[in-house]
Amino acid sequence: MKKIQQFYEIAKKNINDIKPDEIWHEADIVPTTIGWIYEGKSHKIVNKYGIRSIILEPFCCIAVIESIYDEKTNNAYIIENIGTIKWDVKKLVYEQKGDKINYIHSLYFYDNIIYFLFDKSLITYRFSVDPITGEVGNYIETK
């Protein structure tokens, strides 16, 4: 199976260019553009409200949260290497758990499992999504 090549992220500012006395916010260094090449074709996602992403290497896809600083347009996906949405994470949660999640803020990849994090009643929860089947795992309180 071919792999994603030349994955890149572009932020408003490069953290290495920020001077010690300069005032900045995390939103300044969070990527607003991600891109990659697959089978010679370029793919790109741009979102002015920030993007968090992780390449899910063994599955040849990318987990993405768009609009990490705007709850109204926030969404999370698992995107195939060719740039199409394989799984809409919020939709999966609604279909499988009956819950409407308004804001997914973080993600991480550990031991070939992708986790997404959200807050509910001032508590942060994580849940897994199987990149192959789209199965959503149980909510686990994160401390």
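The values are calculated or read from the model by the stated rules, or taken from the named source; none is laboratory data. Computed from a prediction, not measured in an experiment: that's the story for all the values here. Every residue, glycine among them, receives a Cβ derived from its backbone with ideal geometry; neighbour counts consider all protein chains shown.
Conditions tested, residue by residue: (1) farther than 15 Å from Glu9 by Cα; (2) among the aliphatic types (A, V, I, L, M).
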| site | (1), (2) |
| --- | --- |
| Ser42 | no, no |
| Ile45 | no, yes |
| Gly50 | no, no |
| Ile62 | no, yes |
| Tyr69 | yes, no |
If you go through the stretch 112-126 one residue at a time, how many are out of contact with any strand residue (DSSP E or B) (no Cβ under 8 Å at 6 or more places or on another chain) and surrounded by 13 or more Cβ atoms within 10 Å (Cβ to Cβ)? 1
State all residues of the stretch 1-28 that are more than 18 Å from the chain's Cα centre (by Cα) and closer than 19 Å to Ser106 by Cα; if no residue qualifies, say none. His25
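Among what's in the stretch 89-111 and is in a loop (DSSP other than H, G, I, E, B) and not hydroxyl-bearing (Ser, Thr, Tyr), pick the residue that is surrounded by the fewest Cβ atoms within 10 Å (Cβ to Cβ).
Once the filter is applied, the top-ranked residue is Asp111.
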Long-range neighbours under 6 Å by Cβ, at least six apart or interchain, first residue surrounded by 12 or more Cβ atoms within 10 Å (Cβ to Cβ) within the stretch 127-143, second assigned to a loop (DSSP other than H, G, I, E, B): Phe127/Gly137; Phe127/Tyr139; Ser128/Gly137
Criterion (at pLDDT 95 or above, of a type in the set (Ser, Thr, Tyr) and in contact with a helix residue (DSSP H, G or I) (Cβ under 7 Å, 6 or more places away or on another chain)) met by exactly one of Tyr77, Tyr115, Tyr125, Tyr94: Tyr77
Give the stretch 77-129 a look and list any residue that's out of contact with any Phe, Trp or Tyr (no Cβ under 9 Å at 6 or more places or on another chain), of a type outside the set (Asp, Glu) and within 17 Å of Thr142 (Cβ to Cβ), or say none. Tyr110, Ile113, Ser121, Leu122, Ile123
Can you tell me which of (1) aliphatic (A, V, I, L, M); (2) closer than 24 Å to Tyr49 by Cα; (3) in contact with a strand residue (DSSP E or B) (Cβ under 7 Å, 6 or more places away or on another chain) is the one Val136 doesn't meet? (2)
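Of everything in the stretch 15-46, what is assigned to a helix (DSSP H, G or I) and acidic (Asp, Glu)? Give them in sequence order.
Once the filter is applied, which keeps residues that are assigned to a helix (DSSP H, G or I) and acidic (Asp, Glu), the stretch 15-46 yields Asp17, Glu26, Asp28.
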State which residue is farthest from the chain's Cα centre (by Cα) when the search covers only the stretch 29-88 and only residues that are surrounded by 14 or more Cβ atoms within 10 Å (Cβ to Cβ) and among the polar types (S, T, N, Q). Asn81
Pro58 passes all but one of the listed conditions (1) touching a strand residue (DSSP E or B) at 6+ places or on another chain (Cβ under 9 Å); (2) closer than 17 Å to Gly134 by Cα; (3) at pLDDT below 90; the exception is number (1)
